[in-house]
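First the structure, in the form of structure tokens, and then the observations on it.
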Amino acid sequence: MTDLVEIRFPEDQQEGTEATVTRWLVSEGDVVAAHDPVVEIETDKVVIEVPAPEAGRIMDIKIRQDEDVQPNDLLCTLQPQAGSDRGETTAGNADTATAIKDRDNKEGHGKRDLLSPAVRQRVLEYDLDITNISGSGRDGRITLHDVETLIKESPVAHTTSPPAPGTDSSEIIAHDKMRKRIADNMVASLLHTAPHVTAVFEADLSAVLQHRETHKESFAAKGTPLTLTAYFVAAAASAIRKVPQVNSRWFDDHLEIYHHINMGIGTALGDQGLIVPVINDVQTMDLQAIAARLLDLTSRARDNKLQPADVRGGTFTISNHGVSGSLFATPIIINQPQSSILGIGKIEKRVKIREIDGQDVIAIRPMCYVSLTIDHRVLDGYQTNAFLTAFVSHLENWS
């Protein structure tokens, strides 16, 4: 008898505080082809698909849906197809796996079983018919973007019946795993881990906006939009070089200061929560490289196509909350185990008094509030204000 193959949760795929099996894409006895996804695991940051390492039959599922899983835990076993080479799919087995998927699709289960939790919630909420959707995700999987597009195009999805006079109306939406994990992490960071303190400065973005106006067409010609977030990332990296303690992690007996700057960018996913893709080694990048990497990460984040490596290893985070209209937010919760988080507020024109040639002049300037929330175990007011001073100076004197 052929030895069973163990399918485990890869140790390098865990990213977040916890992981949960949210959906088995196969059942015991199902035949799968090599590299077919067999189970979906969700952390507070990403949804991970674990594939079959080779063709065979699923024999024993060890961890059930909604149960927590740890790195290297045994998920299930696989009976390799007799006579096949490990890691390769034979034609007969591939045909069998295809037949099973065709059967499921005919029964109306196939596509819905392959949806991520966020996508599945949307489909159920709007009672969408996804039979004829051609998914834009990997292997034709339906993404959140595909479903949102269908909702916008569907007149039924926008039609709601008004409540009867004199009656109350409400809607109950169950928390998905990502939302609950975000909540747990925020409470733990604020109440149980780090004493939060926030300092707020104001930045004049006149020089940045002038530079962007001059160079945005040349960036666009290279396929990269020049966003203001790219400037904030570059300015933050410059300020970290001057105050490196900001880019650190607290331990009970020491402080670890990172020489590499892995910048997390808070990216809203609409009603589905928030994710923080990471730009690695920002200290080595110019504005063009930063802008290109931002485009790649944020696009894939909103299309639910990020990989675990894309959200791993952050040492500092920026929350550009101003894009949704807020002037400032405090405190912005620190993304543990980091020591600080930078907040960027909405840009608005304000009347400011400037000294020009020894004379006070009233001027209208594009201003925004910038804040640094710190772990007060790591940083004091001196370092906090020194960082914000360097950050604002870099923006206001952009050459």
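Each reported figure results from applying straightforward, stated rules to the coordinates on display, with no laboratory input. Keep in mind it's a predicted model, so treat the numbers as computed, not measured. Cβ atoms come from the backbone with ideal geometry, glycine included; neighbour counts cover every protein chain shown.
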Residues whose modelled amide H sits under 5 Å from the amide H of Val197, counting only those 5 or more places away in sequence or on another chain, are Ile374, His376
Please give the contour-minus-distance gain from Glu153 to Asn397: 0.36 nm per residue of separation, less the Cα-Cα distance, rounded to one decimal in nm.
-> 83.2 nm
What size of dipole, in debye to the nearest 20, comes out for the stretch 241-336 about its Cα centre when the only charges are +1 on Lys and Arg C-beta atoms and -1 on Asp and Glu C-beta atoms?
-> 180 debye
Long-range amide H partners of Glu202 with built H, under 5 Å | Val370
Taking the radius of gyration and the Kirkwood hydrodynamic radius from Cα positions alone, what is the Rg/Rh ratio for the stretch 221-266, to two decimal places?
-> 1.13
Assuming R0 = 51 Å, what is the FRET efficiency of Lys222 and Glu28, from their Cβ-Cβ distance, to the nearest 0.05?
-> 0.50
Computed label-point distance, nm, for sites Asp68 and Gln307 using a 7 Å Cα→Cβ extension | 2.8 nm
For Arg350, which sequence-distant residues (separation of 5 or more, or a different chain) have an amide H within less than 5 Å of its own amide H, given hydrogens modelled in the peptide plane?
-> Arg365, Met367
Place a +1 charge on the Cβ of each Lys and Arg in the stretch 325-399 and a -1 charge on the Cβ of each Asp and Glu, then give the dipole magnitude about the Cα centre in debye, rounded to the nearest 20.
-> 260 debye
Over all directions, the stretch 243-286 yields a Cα convex hull whose mean projected area in nm² is 4.6 nm²
Cα-Cα P(r), the stretch 266-308, percent of pairs per 5 Å interval = 5, 22, 30, 21, 14, 5, 2
Computed label-point distance, nm, for sites Glu18 and Asp60 using a 7 Å Cα→Cβ extension = 2.7 nm
Rg/Rh over Cα atoms for the stretch 293-340, Kirkwood Rh, comes to 1.00
Charge tally in the Cβ shell below 12 Å around Val378, where Lys, Arg are +1 and Asp, Glu are -1, Val378 excluded | -1
For the stretch 252-342, restrict the atom set to alpha-carbon positions and state the Rg and Dmax in Å.
-> 13.7, 41
Taking a point 7 angstrom from the Cα of Leu209 along the C-beta vector, which residues in the stretch 340-375 have backbone N less than 14 Å away?
-> 346-352, 363-369
Which whole-Hz couplings ³J(HN,Hα) result when phi for each residue of the stretch 299-307 is put into the Karplus expression 6.51 cos²θ - 1.76 cosθ + 1.60, θ = phi - 60°, listed in order with x for Gly and Pro?
-> 5, 6, 5, 6, 9, 6, 10, 6, 9
Can you tell me what the convex hull of the Cα atoms of the stretch 181-308 projects to on average, as an area in nm²?
-> 10.1 nm²
Efficiency by 1/(1 + (r/R0)^6): what FRET value for Glu11 and Ala289, r their Cβ-Cβ distance, R0 = 25 Å, to the nearest 0.05?
-> 0.25
Considering only the other residues whose Cβ falls under 13 Å of the Cβ of Ala203, what net charge follows from Lys and Arg at +1 and Asp and Glu at -1?
-> 0
FRET efficiency, 1/(1 + (r/R0)^6) with R0 22 Å, evaluated for Arg354 and Asp281 via beta carbons | 0.05
Taking every pair of alpha-carbon atoms in the stretch 312-399, give the share separated by more than 22 Å as a whole percent.
-> 38 percent
